[in-house]
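Bear in mind these aren't lab numbers, they're just calculated from the coordinates by the rules spelled out. Source: prediction; values computed, not measured. Please note: Cβ atoms are built from the backbone with ideal geometry, for glycine as well, and neighbour counts cover all protein chains shown.
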Amino acid sequence: MTTRLISTGTEPVTAAEVKSLIALDGTDHDTRIALLIPALRQQAEQITGRSFAVCTWQAKLDAFPAEIRLLWPPIVSITSITYVDTAGTTQTLAPASYAADIHSEPGWVLPAAGTDWPDTYDTANAVTINYTAGEGANAPEEVKLWIAARIRADIDGCDVPDYLDGLLDRLKVY
């Protein structure tokens, strides 16, 4: 299975929030802060295995497995599931034909009760799942503080304390 980021929407923290958290006035660092927010958010996502920005993801599989694991929780919604049928035609599954467990981390997609996945054409990437994941402005405060503290250290030109990453520990997906 391959999971790719298609687009990124709302970041977990704004430049104004960061400036408020680190008691920074003026506009001298605004461009730098705007560049650092997505970079640090991506680093936090790699550390924890979850989406903090609201993102559109696409997972591709060669065939339907018993259950499909959706990476980068929390899962907000499944946009579509398409597959290449045995005749080589792309079909879209009706939402009633699958069940999504968006509460688990990672999330899962299963065939609806009493049904099976359809057969697919024998080709690479025959199944495509498009979904939205992430928290955006509703991201945990720890993430916002982690980003702000790293930006403060960057602006001040000092080392980041080793214990800072501990803010993200409880958010890790295993």
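Before moving on, here are some points about what is shown:
- Derived from the Cα gyration tensor, the three semi-axes of the equivalent ellipsoid of the chain are 39, 15, 13 Å, largest first.
- When peptides 88-97, 11-20, 122-131 are sorted by average Cβ neighbour count within 10 Å, with the highest value leading, the order is 11-20, 122-131, 88-97.
- Converting phi to 3J(HN,Hα) with the Karplus coefficients 6.51, -1.76 and 1.60 and the offset θ = phi - 60°, segment 87-95 yields 8, x, 9, 6, 10, 10, 6, 5, x Hz in sequence order, with x at every glycine or proline.
- Surrounding net charge for Ser20, when Lys and Arg each add one and Asp and Glu each subtract one, Cβ distance under 14 Å: -1
- Note: relative contact order over the chain, using C-alpha pairs below 8 Å and six or more positions apart, is 31 percent.
- Cross-link reach is defined here as a Cα-Cα straight distance under 23 Å, omitting same-chain residues fewer than 8 places apart; for Lys144 the lysines meeting it are Lys19, Lys172.
- Karplus-derived 3J(HN,Hα), 6.51/-1.76/1.60, for each residue of segment 149-161, Hz, glycine and proline x: 5, 5, 5, 4, 5, 5, 5, 7, x, 10, 6, 7, x
- Debye intensity ratio in log₁₀ form over the Cα atoms of segment 79-161, taken at each q of 0.10, 0.15, 0.22, 0.23 Å⁻¹: -0.48, -0.69, -1.08, -1.14
- Based on C-alpha pairs under 8 angstrom that are at least 6 apart in sequence, segment 1-95 has a relative contact order of 35 percent.
- Amide H contacts for Glu135 (H built 1.01 Å from N in the peptide plane; partners 5 or more residues away or on another chain; cut-off under 5 Å): Phe52, Ala53, Val54.
- 222 nm mean residue ellipticity, helices alone, for the chain (DSSP H n ≥ 4; -39,500 (n - 2.57); rounded to 500): -8000 deg cm²/dmol
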